[in-house]
Structure formats: C-alpha cells, structure tokens
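**Student:** Dumping the structure here so I can ask a few things about it.
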Amino acid sequence: MQRHYIIHGRVQGVFFRDSTRQKARELGVRGWVRNRPDGAVEAMAAGEESAITALEQWFRDGGPPAARVERLEREEVPEEHFDGFAVR
C-alpha cells in the first residue's frame, strides 16, 4: 500500500520532517518527506496497511510536540520502490 500526504498547519521549523522519518522507521514505513514552498509538508508512505494507518494517525494527532496539524490531505497512489525513509 502507498499513500501520498500533504500536511497543513504549523509543520515547518518544528522538526516535523525528522520526527516523521523517525516515526516511519519505527513503523517500518518506506518513502520520503519534504517541505513545500506553500508552508505545508508533503510525504509519500509505502508499506503494510497497518503501518501506514499508524503513521497517518500520528499525523492526525499532530506529529511532534511543537507542530500543529490543521488539515491532512491523503491520496492512494500506485506503489513505487523505496529503500528506507528519507528527508528530502
């Protein structure tokens, strides 16, 4: 399973990307995360459905302590191959 996310809110400058990488690795999720010019964070997550669901719930719960997630967009996308989880 693979999902593409766009996370809106106070998500840049609060260790959101690095915290996402740590959480994804903990869950066994592969993919990437990066800042967007519009102030949002974008992520691609691939792996077992339960792991992707757990990462998504972490996003919905607000991510790292200093972040504030206001809106989460998600889209199911065709699977790609990723080695690990990277910050871009």
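**Student:** What's the angle, to the nearest 10 degrees (0 to 90), between helix 49-60's Cα axis and the longest principal axis of the chain?
**Tutor:** Once rounded, one gets 0 degrees.
**Student:** Hey, another quick one. At F82 and F15, where each label point lies 7 Å from the Cα along Cα→Cβ, what is the point-to-point distance in nanometres?
**Tutor:** 2.1
**Student:** For a test of the definition: using alpha carbon positions, the gyration tensor, and the 1.5 limit on a/c, classify region 36-75 as rounded, prolate or oblate.
**Tutor:** It comes out oblate by the Cα gyration axes.
**Student:** Out of G62, P78, Q12, whose Cα points farthest toward the positive end of the dipole of the chain (charges: +1 Lys, Arg; -1 Asp, Glu; placed on Cβ)?
**Tutor:** Positive-end residue among those listed: Q12.
**Student:** Taking just the alpha-carbon atoms of the chain, what radius of gyration and Dmax come out, in angstrom?
**Tutor:** When restricted to Cα atoms, the chain yields Rg and Dmax of 11.5, 32 Å.
**Student:** Please sort by residue number the GluC sites (Glu not before Pro) in the chain whose DSSP state is loop and whose Cβ has at most 12 other Cβ atoms within 10 Å.
**Tutor:** E48, E79, E80
**Student:** Calculate the dipole size of the chain relative to its Cα centre from +1 charges on Lys and Arg beta carbons and -1 charges on Asp and Glu beta carbons; express the result in debye to the nearest 20.
**Tutor:** The calculation lands at about 440 debye.
Values in this text are rule-based calculations from the coordinates and carry no lab data. Worth saying up front: this structure is predicted, and the values here are computed from it rather than measured. Using ideal geometry, Cβ is built from the backbone for each residue, glycine included, and neighbour counts are taken over all protein chains shown.
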